[in-house]
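Here is the structure we will look at.
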Amino acid sequence: MDSADFAPLPGFRLFPGLLDAARQRSLLEAVQAVLAAAPAYHACMPKSGQKMSVAMSNAGRFGWYSDREHGYRYIERHPETDRPWPAIPEAALAVWHAVAGYDHAPECCLINLYRDTAKMGLHQDRDEAEMAAPVVSISLGDDALFRLGGTSRKASTRSFKLSSGDVLVLGGAARLAYHGIDRVLGGTSRLISGGGRINLTLRRVTRP
Ligand code: MD6
Ligand code: FE
């Protein structure tokens, strides 16, 4: 439900166009190198086992993963190759240190890959032990409609467009805000050959 009285929670920050075209291209190249070493997979919902439409991979000490049996969690090795995740690209670390307002480094860079009609349902990011750190998100490629709500699933929501190079921060009271991707607007960016959208979310997982 969209609501005229919607106001984002404190700690929500949007930096439109923080990354210029050159920084988007170099970050994309680094992400493609991560994907070559750590191939994307489709995680499955706990219990139902239903495959998520978004393909994923990770960089950093921890990778976010989910399967039917064990549900949402962080794992230190790729579920298929059993190798440790590649390092978080420097260009992504630089974004974290510029906007996170948090002294310690992120430990996970989740890579979400959207093709065709992939979308992400309304959810909270709550699998991390450290809730004092924000989640920092970087968008590359096609525009997407991002939906933001409150800390209750029943709170009103609003959707807005995220474009390539935009950086979004969920910290403070907004750290546990519900959010999701309604849809990707195909053909709105030429950054990724073949189209689609890539979203990176940087997270601190453990408490320092
Ligand atoms: C996406 N983003 O943009 C999905 N989570 O594809 C997220 O789930 C997200 O953008 C936490 C903080 C910021 C985000
Ligand atoms: Fe999220």
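Please enumerate the residues belonging to region 19-44 that are over 24 Å from ALA118 (Cβ atoms) and either outside any helix (DSSP H, G or I) or without any contact (Cβ under 8 Å) to a residue 60 or more places away in the chain (or both).
Of everything in region 19-44, those that are over 24 Å from ALA118 (Cβ atoms) and either outside any helix (DSSP H, G or I) or without any contact (Cβ under 8 Å) to a residue 60 or more places away in the chain (or both) turn out to be ASP20, ALA22.
Listed residues LEU140, LEU110; which is under 12 Å from the mean Cα position of the chain (by Cα), open to solvent by less than 30 Å² (accessible area, probe 1.4 Å), more than 15 Å from ligand 2 (Cβ to nearest atom) and within 24 Å of GLY11 (Cα to Cα)?
LEU140
With the requirement that a residue be exposed (fewer than 14 other Cβ atoms within 10 Å of the Cβ) and within 12 Å of the chain's Cα centre (by Cα), what does region 113-137 give you?
HIS123
The values are calculated or read from the model by the stated rules, or taken from the named source; none is laboratory data. The structure displayed is predicted, hence computed values, not measured ones. Neighbour counts are summed over all protein chains in view; Cβ atoms, including those assigned to glycine, are modelled from backbone coordinates with ideal geometry. Remember, those area values only see protein heavy atoms, side chains included, never the ligands or the DNA or RNA. Shrake-Rupley method; radii C 1.70, N 1.55, O 1.52, S 1.80 Å.
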